[in-house]
Amino acid sequence: MTTPRIEIDLDKIHHNVHTLCQRLACCGITVTGVTKAFLGRTEIANTFVRAGLQSLGDSRIENIKAMRHAHVTASMTLIRAPMLSQIRDVVVHCDISFNTEIETIRRLSAMARTLSRTHAIVLMVELGDLREGIMPENLGSVVQEIIRLPNIVLKGIGSNLACFSGVSPDSANMAELSALAYFIEARFGLTVDVVSGGNSANLEWAFSGEDTGRITDLRLGESLLLGLETLHRNTIDGLYTDAISIVAEVIESKLKPTQPRGTIAQTAFGGTPDTRVAGNAVQTILAIGNQDTDTLGLTPPSGMRILGASGDHLVMDTGSEYMAIGSELSLRPNYSALIRAMTSPSLSKVMNTQMETTPT
């Protein structure tokens, strides 16, 4: 089989999606499956849908268009604010888009009117993480203008936490978002159908037993694919954490000194070499590097250690174990490594549908 490659167990992903959907349904919360990590690939998107998702979200219009062209049967939401250069595609291919700028919404309205369509929007509100969002005190004036725009429907409001500044979703900021939904309904006589509370970082709060208020939906990606919550990267009970792996081939395995020799300067990517106790160890090189994935986000098998990487080489300390040239090694990616690897044309993507019986 071709190396390097990403191996994706669709049955394990199906299990993760179905399990989280059921647990969150008990809290009155639905799930929008985030497809950006796998570039909207049809096999995984359809697995999301078969597992119970009716809504998919992506930050790239290109991925949404690919899923539309593949006839993926789900509502499509653009979860990053639209670029003005892509307004037509957004109106044509997206049911909903997340927005923060009134000028962008005016352009969406004009395009929707030209195309005789109706486009729904969710207004993102800034709750402390300092990425995208309308300041809460300005929300009323934005809504007031939106409700006068033709061919635009205000579907709801949302927030994003933990991605940029690491601010944790909690009872206080989720209650604030709920209060803003009530405010819009009372002041403008509208029904706020969607209150999108956040992402996989919200799971700890959602399962805490606290009142979830008006939160109706969470946008989940990493938890569905890797089985982890994203505040502390802890395993979610009952989910698979090994649904996705990156497999690379051994191209060298030799006993070498653990200390470099000569005058030390920067490495190819501006770092410094890993410091090890003086001596000798078996150094094994895999044919994968920083051009292919985020090598800092890879976890090797127990007993092995990643020493560093260049553009095309991953250097590992395998202790006293020599590895056969041409043999393969499987590594677990974090979300950053997964996104980079899925984007790389150098890694083939292999879908596997044989599921083990117990999540690990």
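A few comments on the model shown:
- Applying a length cut-off of 24 Å (Cα extent along the axis) and a mean Kyte-Doolittle floor of 0.0 to the DSSP H helices of the chain leaves 171-188.
- The Cβ shell under 14 Å around M323 holds other residues with a net charge of -2, Lys and Arg each +1, Asp and Glu each -1.
- Distant-in-sequence amide H partners of E210 (H built 1.01 Å from N, under 5 Å): none
- Peptides ranked, highest mean first, by Cβ atoms within 10 Å: ranges 217-223, 306-312: 217-223, 306-312
- Dipole magnitude for segment 2-42: computed about the Cα centre from +1 point charges on Lys and Arg Cβ and -1 point charges on Asp and Glu Cβ, it is near 120 debye.
- Amide H within-cut-off set for G158, under 5 Å, with H built and near neighbours excluded: L123, M124, V125, S196
- Here is the tail figure for segment 10-226: Cα pairs spaced more than 22 Å apart come to 48 percent of all pairs.
- DSSP-defined antiparallel bridges as percent of all bridges, the chain, nearest 5: 45
- Projecting the Cα atoms of G308, I285, M351 onto the charge dipole of segment 244-352, computed from C-beta unit charges around the Cα centre, puts G308 farthest toward the positive end.
- Segment 137-202: trypsin sites (Lys or Arg not before Pro) in DSSP loop, at most 12 other beta carbons within 10 Å: R148
- When only alpha carbons of segment 244-352 are considered, Rg and Dmax amount to 14.0, 47 Å.
- P(r) of segment 150-261 over all Cα-Cα pairs, binned every 5 Å from zero, in whole percent: 2, 10, 16, 16, 13, 10, 8, 7, 5, 4, 3, 3, 2, 1, 0
- Residue-wise HN-Hα coupling along segment 252-261, computed from phi with Karplus coefficients 6.51, -1.76, 1.60 (Hz; x: Gly, Pro): 7, 8, 9, 6, 9, x, 7, 10, x, 10
- For the chain, the relative contact order works out to 19 percent when only alpha carbon pairs closer than 8 Å and six or more residues apart are counted.
- Taking every DSSP helix (H) stretch of at least 4 residues in the chain, weighting each as -39,500 (n - 2.57) and dividing the sum by the residue count yields a mean residue ellipticity at 222 nm of -8000 deg cm²/dmol.
- Aspartates and glutamates with Cα under 15 Å of K36, excluding same-chain neighbours fewer than 8 positions away: D58, E62, E222
- Counting only Cβ charges, +1 for Lys and Arg and -1 for Asp and Glu, the dipole size of the chain around its Cα centre is about 880 debye.
Laboratory data are not the source of any read-out in this text; all were calculated from the coordinates shown. As the structure is a computational prediction, the values presented were derived from the model and not from experiment. Glycine also receives a Cβ, built like all others from the backbone with ideal geometry; neighbour counts cover every protein chain displayed.
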